[in-house]
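Input: a single structure, listed below in structure tokens.
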Amino acid sequence: MSDAGSADTDKPLPEPRRPGTSGTELNLRTNRRKAQDSFQRAQRAEQAYRARRQATNARADWREAKENFGEARTHLVKTMRHSVSGIRAIPAVVREWKEREKDKQEVKRKERLALKKKKFEEMEKKAAEAEAEAAAAAAAEPAEEEPAAA
């Protein structure tokens, strides 16, 4: 046993190593943690800002939508009222249309009568002229025929 003990003492001891955590490494880790914390705080602040901005826009949009729905409701009520009154007025519109058509027909009838009267007067004038010519011709012929008949 003693031989084994003497063999252990003959080996040289390894040199002691430097500890793994030096001051520089600790400073680097601390700086990295601080940077990471400040980055995360900045991200949270940016997300909070975006959320506030989107919420503000959403509230404005909601307010505008409510106003538009209110206007739409009033316009719908007005539309329904006017539609009902328009539907009720259909018989009056039809009567007016029929009256206009009657007036147009009356004007056309008067024009046709005036045209017929004008034609009739022209025919009467021609007949009177023809009769006058025939009378003139008859008056001229009997004067010639009388001496021959006697």
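The numbers here are math on the coordinates, done by the rules we state, and not lab data. For clarity, every value in this text was computed on a predicted model and none was experimentally measured. Because the Cβ atoms are built from the backbone with ideal geometry, glycine has one as well, and the counts that use them run over all protein chains shown.
Placing pseudo-labels 7 Å out from each Cα toward the beta carbon at Lys34 and Leu113 gives an inter-label distance of 11.4 nm.
Taking the three principal axes of the alpha carbon atoms in the stretch 29-145, the coordinate ranges are 158, 36, 11 Å, sorted in descending order.
Normalised by residue count, the stretch 59-111 yields a Cα convex hull volume of 66 Å³ per residue. First select every other residue whose beta carbon is under 11 angstrom from the beta carbon of Glu122; then total the charges, Lys and Arg +1, Asp and Glu -1. Once positives and negatives cancel, what remains is +3.
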